[in-house]
Structure formats: C-alpha cells, structure tokens
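Only one structure is covered here, and it is reproduced in the block below.
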Amino acid sequence: MDRNISEVFGQFVYDEALTYEELLAAEQALISDLENLMIRAGARHPDFTPTGDMLLCQCAFESHKLYMYRKFAHEIAGLLPAGVNGRLLCLEKNFNSLHVYWIQPGQWEEEERPIPFKAPPGLKIKRVCASAGKTEEQG
C-alpha cells in the first residue's frame, strides 16, 4: 500500500548562455545535490529526467509539511549554480494543498494555490454522447 500522500515535481531550466560543457557540469552537480537533499528530507522514489535544455525531477513524501517544502526551496536556492532557474510543484494527493515555488540562485518565492472541488465558472464544457462516443463543446 502506498503511504506517500505528497508529491513534489521539479523543473530546472538552463540558461541559453551556458556552453554545452557548463550545462553538463551544472546538470551533474544539480542531480547529485538534489538527490542528497531529497534523501535527507525523507523523500521516496527520487527520479530525474534530463531533457537537454532542462532537468525534470520528482519525489514523494509520507506527509505534507509546508515547512519542509519551504526548507527544500531555501536549500535549492542556495545550491543552484548561475544560469539555472527552477520551479517546484508540491501537491497533496487529496488535493487539499498545492504550493508552487520559483527558485533562482540565492532566492525563492512561494504561492499557495487553491484547488476548488468544482470547476471555475466560464470554462468550456465538453459533453460526451455515450451512444456515439463523440464530444460536444458548450460555452
């Protein structure tokens, strides 16, 4: 049974001014530093996906602790090399809490975003016709 109730998704983008060698060195150090940070914070299933122009990462936690996410963002801001900016998305599986962090070398910002149970007004409604499997739009 999975007891991890919180997921963290990260995206770290490399500045175009970095040379290929600088990008590889930054990425290698970033993966090592992030993995160590995740393990120290009690993360489970750390995963890293280099894509060439950015690094994607993900991990899970047994509990949702806002102070831990803030400390996580703070420590990442302290280890980010020049030319790398990041974002974190921290989500409770029960959708009670969603936090977004924007991280640059030496600084970070945070925003909590509500996830309403009902869709916000004004969205296009897509209806499925069960007999034909077609989708119709309204709105």
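The values are calculated or read from the model by the stated rules, or taken from the named source; none is laboratory data. On a predicted model such as this, the values are computed, not experimentally measured, just so you know. Cβ placement follows ideal geometry from the backbone for every residue including glycine, while neighbour counts extend to all protein chains displayed.
Among the residues making up the range 1-21, those that are surrounded by fewer than 16 Cβ atoms within 10 Å (Cβ to Cβ) and either β-branched (V, I, T) or more than 17 Å from the chain's Cα centre (by Cα) (or both) are M1, D2, R3, I5, V13, D15, E16, A17, T19, Y20, E21. Considering only residues in the range 45-101 that are hydroxyl-bearing (S, T, Y) and surrounded by fewer than 20 Cβ atoms within 10 Å (Cβ to Cβ), the one that is nearest to T19 (Cα to Cα) turns out to be T51.
For the range 66-102, a residue qualifies if it is on the phi < 0 side of the Ramachandran plot, assigned to a loop (DSSP other than H, G, I, E, B), in contact (Cβ under 8 Å) with a residue 40 or more places away in the chain and not aliphatic (A, V, I, L, M), and the qualifying residues are P81, K93, N94. For beta carbons closer than 9 Å, sequence separation of 6+ or different chains, a first residue in the range 1-28 that is more than 16 Å from K93 (Cα to Cα) and a second that is surrounded by 13 or more Cβ atoms within 10 Å (Cβ to Cβ) and of a type in the set (S, T, N, Q), the qualifying pairs are G10/Q58; F12/N85; V13/N85; Y14/N85; D15/N85. Those residues that are out of contact with any Pro (no Cβ under 8 Å at 6 or more places or on another chain), surrounded by 12 or more Cβ atoms within 10 Å (Cβ to Cβ) and in a helix (DSSP H, G or I), I need them from the range 33-44; list them, please. Scanning the range 33-44 gives D33, N36, L37.
Screening A132 against (1) more than 15 Å from F9 (Cα to Cα); (2) surrounded by 10 or more Cβ atoms within 10 Å (Cβ to Cβ); (3) modelled with pLDDT under 95 leaves a single unmet condition, (2).
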